[in-house]
Amino acid sequence: MDQRECLQEQVREAYQQSRPLQVQGAGTKSFYGRKTADAEPLLLREHQGIVDYEPSELFVTLRAGTSLQTLQEQLAEAGQMLPFEPPFFGAEATIGGTLACGFSGPRRPYAGSARDYVLGVHMLNGLGESLRFGGQVMKNVAGYDVSRLLVGSLGTLGVLLEVTLKVLPRPERELTLVHDTDMATAIVRMNQWAGQPLPLSASAWDGSHLYLRLSGTEKAVAAAQSKIGGAVLDENDGILFWKNLREHRHVFFQGTAALWRLAVAPATPPLALPGQTLIEWGGGQRWLRGQRDATALQALAAEHGGHATLFRGGDRSEEVFQPLPPALFALHQRLKNAFDPHGILNPGRLYAAL
Amino acid sequence: MAGSTDSEHAAFLSALRAILPDDGLLTQSEDLHPYECDGLSVLRELPLAVVLPRHRNEVQAVLKICQQYGVAVVPRGAGTGLSGGARPSAGAIVLSLARLKQIRALDTSNRTAQVQPGVRNLAISEAARPMGLYYAPDPSSQIACTIGGNVAENSGGVHCLKYGLTVHNVLALEVLDASGERLEIGSQAPDSPGYDLLALMMGSEGLLGIVTECTLRLLPVPENTLVLLAAFASVVAAADAVSAIIAAGIIPAGLEMMDQLAIEAAEDFVHAGYPRDAAAILLCELDGTEAELQERLRAVEKLLQRQGATSIRIAADAETRLLLWKGRKAAFPAVGRLAPDYYCMDGTIPRKRLAEVLEQIAIWSAEYGLRVANVFHAGDGNLHPLILYDANVEEQLHAAEALGQRILELCVAVGGSITGEHGVGVEKLDSMCVQFTPAELAQMHRIKAAFDPEGRLNPGKAVPSLHRCAELGAMHVHHGQLPFPGLERF
């Protein structure tokens, strides 16, 4: 259902009255970002539907409130998929919320992230103006790349109304291999294999085992399997393993202890941290649990070319994302102001002063 | 330096002289001439001066002096751009990044390259090759173009359907803003905190900042590669074949189409063995392991035959493969031999609209009396019509530009874009008024102001002023909401 006009009206009014709005899809990712003061919700969930899908052109255009489930079913019917394999974190998850959070799943280091697959958007800025950037074509350098800028901005720059994504064929065959190994060896292997022309599509180390997924043609997967070796996971177990990992249903993620995400250069050796670590994305994404000293964790991540995020739980009234250097943060504020001069869109969700 | 006095002018130049090496500041007219244009040579202008700093600190010092004197800065890489993005502006300096050409580090374990902006695209892959790695985006100008320029234009190449554009292959940038403030954007780690400024920098044509270092993602070199050449009796059949390959779940490494005029020109030039009698040819590159490749090859061959290919040639050895690609990569200069001048367009369209777009181009070609050769990145919908003309014949340049503008409007009308990879520069400012509404353009100007409040980085490029669009009376068109594209507009 097309709700564009009433959504635009609501944003326009809020702009005129400088009244904050809380942009909301299905609410499955309300755990993410900072906790903010209650504000009038701007509900995107009814603004749904696939507007255009051309399998042979490799794109799909859909409204932001469309459920991820509906989208994936449609794509699967044509033998295609979202290459960035996004997590749902709830059955009702919408594409708009997924992109606003910038979430990608296990395939990310090998196929690219959510923003890599965005081709165009139709959005409302904080003035309630309806704007289109990008398009339905893969190459487009007319104007600034606002479409990708919106991904991961947590709705603080604009309201995503409609998006065009690049899609890809599903691989003919997938296979998961398991190696019994320690963390250091797992990291080395993930990176060595990623440097070879192998059809890798996911990797993880869960504390005792290295899991590697291969995707491609029957023969390519078989050739890679003989090179990499290891125990083969039963097909259904393999599917379930990556799904549970993606959805944070793996045993590591259970319980209410705070969940930290460290992003580092993938080949970074094991970090001296107490407690268990779960590793994904070829070594680039490392998960930790429990109360941590945020400043120390952030400094450690920065030392290895990355950053730390309080992903879930913990004290969310403080900053949850790594603070930016002053010049870069000032630029963020100017950019926010360029899109949302009255600061009405999800104020404080990304950073307290944004 | 509009309205400045002679003494201010002298003070500005001597401030630059003080921080640059002896040969790092050009002010004499004969030294400035090589910089008067980029690859779009019809647009020329002499800059106030050209500076050639050697490293980031010198770039930073230049920017600070320019800020102090209120002088605009036009960044320049190798000058191979095709839209006038590096064309100097009167009263502005040209900031050449050509001397920042060090490959600072190759990180085998993280598979990244840290390079300065003046490093040539091809030099990166050459340096990474011993490690079994390469840098994927390969624009046809890769032998000369620099990575800084690739970032400014978000360059693609013949392999971008499978391996992505510059935006998909850059992990981090060190950028200086207009005041010389250093910003680190992105990192070797996935998904940096805050806004995705890395994406915003890509293709921003030097309007948002000066790139002084890039961290690039390197990929493993594919085990094997082969190329198929298929001939077709019509462009429609060739386009349908492309759709059939993709619909079958195959994403080739490269997928290129050329029409008859382009085939003939390329064949005369490099003798690649292209079939001269074909209405269109497809070049399809497949890569992967040996076993996978044989499997794919058979599937693609069958699909091409089913789609009516009149002949299929397979190049499995490196020599033949390079020869087949050479014809394609030399298509622009080859077409250039057919007429004294040619004007290269760069629209993108949904592939399914290719036949009608080419048909309309053929009608206009006859109407304007100008021949048009078409080269098409078929996998990603990027169409390069090459309009042949003679600048010495009165009105032909004007006619070529008018025809080009109509072609771009048509691209927008069918749901595409006015530029796939060459950028807007100065050349396509008017077409921007067609693709974007005033509100969208105003948003872009506010983005620019967030980075560069004084508007001193590459002013007058990439995003037209609202005033210009209003004067032009250009009609904004959207796919679906378009007045009939064939209609005259006033």
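Rounding to the nearest 20 debye, state how big the charge dipole of the protein assembly as shown is about its Cα centre with +1 on each Lys and Arg Cβ and -1 on each Asp and Glu Cβ.
1600
Using a 1.4 Å probe on the protein heavy atoms, what percent of the accessible area of the stretch A:2-45 belongs to carbon and sulfur?
On the stretch A:2-45, the fraction of accessible area on carbon and sulfur atoms equals 43 percent.
Any chance you could look up the accessible area of residue A:239 with a 1.4 Å probe, heavy atoms only, rounded to 10 Å²?
Accessible surface of residue A:239 is approximately 100 Å².
Please work out, to two decimal places, the log10 of the ratio I(q)/I(0) at q = 0.06, 0.09, 0.10 Å⁻¹ from a Debye calculation in which every Cα of chain B carries one identical scatterer.
-0.28, -0.64, -0.80
Quick check: net charge around residue B:24, other residues with Cβ under 12 Å of its Cβ, Lys/Arg +1 and Asp/Glu -1?
Counting the neighbours of residue B:24, the net charge comes to -1.
Once the dipole of the stretch B:6-96 is set up with Lys and Arg at +1 and Asp and Glu at -1 on Cβ about the Cα centre, which of B:32, B:55, B:43 lies farthest towards its positive end?
B:55
Please list, in chain and number order, the residues 5+ apart from residue B:25 or on another chain whose amide H is under 5 Å from its amide H, with Hs placed from the backbone.
Under 5 Å from the amide H of residue B:25: B:52.
Determine the sum of side-chain charges near residue B:230: Lys and Arg each +1, Asp and Glu each -1, restricted to other residues whose C-beta is under 13 angstrom from that of residue B:230.
Summing Lys/Arg as +1 and Asp/Glu as -1 gives -1.
Given Cα pairs under 8 Å that are at least 6 residues apart, what percent is the relative contact order of chain A?
19
Under 1.5 on a/c is rounded, so check that first for the protein assembly as shown, then, if it is not, pick prolate when a/b is larger than b/c and oblate when it is not; a ≥ b ≥ c are the square roots of the alpha carbon gyration tensor eigenvalues.
Rounded.
Once amide H atoms are placed 1.01 Å from N in the peptide plane, what residues at a sequence separation of 5 or more from residue B:71, or on another chain, have their amide H within under 5 Å of its amide H?
Residues meeting the amide H criterion: none.
Among B:165, B:106, B:155, pick out the residue whose Cα is farthest towards the positive end of the charge dipole of the stretch B:103-220, where Lys and Arg carry +1 and Asp and Glu carry -1 on C-beta, about the Cα centre.
It is B:106.
Write down the percent of antiparallel bridges among all DSSP beta bridges whose residues are both part of chain A, to the nearest 5.
The antiparallel fraction comes to roughly 90 percent.
Using the alpha-carbon centroid of each, what span in Å lies between the stretch B:319-339 and the stretch B:410-424?
Between the Cα centre of the stretch B:319-339 and that of the stretch B:410-424, the gap is 24 Å.
Please compute the per residue accessible area over the stretch B:339-472 with all protein chains in place, 1.4 Å probe, rounded to a whole number of Å².
Per-residue value: 32 Å².
Compute the distance from the alpha-carbon center of the stretch B:211-256 to that of the stretch B:369-399, in whole Å.
Between the Cα centres of the stretch B:211-256 and the stretch B:369-399 lies a distance of 24 Å.
When you look at the Cβ of every residue in B:197-206, what mean number of other chain Cβ atoms sits within 10 Å?
Average neighbour count from other chains, rounded to a whole number: 5.
Please state the relative contact order of chain B as a whole percent: Cα pairs under 8 Å, 6+ residues apart?
It rounds to 14 percent for chain B.
Whole number in Å², please: accessible area per residue of chain A, 1.4 Å probe, ligands, DNA and RNA not counted.
I get 36 Å² per residue for this part.
Just counting partner chain Cβ atoms within 10 Å, what average do the residues of peptide A:327-335 show around their Cβ?
Going residue by residue through A:327-335 and averaging, the value is 6.
Less than 12 Å Cβ to Cβ from residue A:220, Lys/Arg counted +1 and Asp/Glu -1: what total charge do the surrounding residues give?
-4
Write down the percent of antiparallel bridges among all DSSP beta bridges whose residues are both part of the protein assembly as shown, to the nearest 5.
Restricted to the protein assembly as shown, the bridges split so that about 90 percent are antiparallel.
Using the Karplus curve 6.51 cos²θ - 1.76 cosθ + 1.60 with θ = phi - 60°, what ³J(HN,Hα) values do you get for each residue of the stretch A:281-289, in whole Hz, with x for Gly and Pro?
6, x, x, x, 10, 10, 9, 9, 10
So which cysteines of the protein assembly as shown have no other cysteine's Cβ under 4.7 Å from theirs?
A:6, A:101, B:37, B:66, B:145, B:160, B:214, B:284, B:344, B:411
Could you do me a favour and compute the accessible area per residue for the stretch B:6-96, 1.4 Å probe, result in Å²?
41
Using the crude model of +1 on Lys and Arg Cβ and -1 on Asp and Glu Cβ, and no other charge, please compute the dipole size for the stretch B:224-333 relative to its Cα centre, in debye to 20.
For this selection, approximately 120 debye.
What are the ³J(HN,Hα) couplings of the stretch A:34-39, residue after residue, when phi is run through the Karplus curve with 6.51, -1.76, 1.60 and θ = phi - 60°? Round to Hz, x for glycine and proline.
Coupling constants for the stretch A:34-39: 7, 7, 10, 4, 4, 9 Hz.
Give the peptides A:273-286, B:437-450 in descending order of average Cβ contacts within 10 Å, highest first.
The most tightly packed comes first, giving A:273-286, B:437-450.
Number of Lys pairs in chain B with C-alpha atoms less than 26 angstrom apart, excluding same-chain neighbours closer than eight positions?
Lysine pair count for chain B: 17.
Keeping all protein chains in position, work out how much accessible area residue B:428 exposes to a 1.4 Å probe, and write it in Å² to the nearest 10.
Only protein atoms counted, so the area is about 10 Å².
Restricting things to alpha carbons, tell me how big the stretch A:196-354 is in terms of Rg and Dmax, in Å.
Final numbers for Rg and Dmax: 19.2, 59 Å.
How big is the accessible area of residue A:156 in square angstrom, nearest 10, if you roll a 1.4 angstrom probe over the protein chains?
The value for residue A:156 is about 0 Å².
In whole percent, how big is the carbon plus sulfur part of the accessible area of the stretch B:103-220, probe 1.4 Å, protein atoms only?
Percent of accessible area from carbon and sulfur atoms in the stretch B:103-220: 49.
About the Cα centre of chain B, what is the dipole size in debye to 20, counting +1 per Lys and Arg Cβ and -1 per Asp and Glu Cβ, all else neutral?
The dipole of chain B has a size of about 740 debye.
Using a 1.4 Å probe on the protein chains only, how many percent of the accessible area of the stretch B:6-96 belongs to carbon and sulfur?
Carbon-and-sulfur percentage of accessible area, whole number: 47.
Tell me, what is the percent relative contact order of the stretch B:339-472, built from C-alpha pairs under 8 Å that lie six or more residues apart?
Relative contact order of the stretch B:339-472: 26 percent.
Please arrange B:421, B:359 by accessible surface area, largest first, computed with a 1.4 Å probe and ligands excluded.
Reading off the accessible areas and sorting them downward yields B:359, B:421.
Out of A:199, A:211, A:128, whose Cα points farthest toward the positive end of the dipole of the stretch A:127-248 (charges: +1 Lys, Arg; -1 Asp, Glu; placed on Cβ)?
About the Cα centre, the residue reaching furthest to the positive side is A:128.
Please report the buried accessible area for the interface of B with A, total over both chains, probe 1.4 Å, in Å² to the nearest 100.
Separately minus together, B and A give about 6400 Å² buried.
The values are calculated or read from the model by the stated rules, or taken from the named source; none is laboratory data. All values reported here derive from a predicted model rather than from experimental measurement. Virtual Cβ from ideal backbone geometry, glycine too; neighbours counted across all protein chains shown. Ligands, DNA and RNA are stripped out before the accessible areas are found, and what is left, the full protein with its side chains, is counted by its heavy atoms. Shrake-Rupley method; radii C 1.70, N 1.55, O 1.52, S 1.80 Å.
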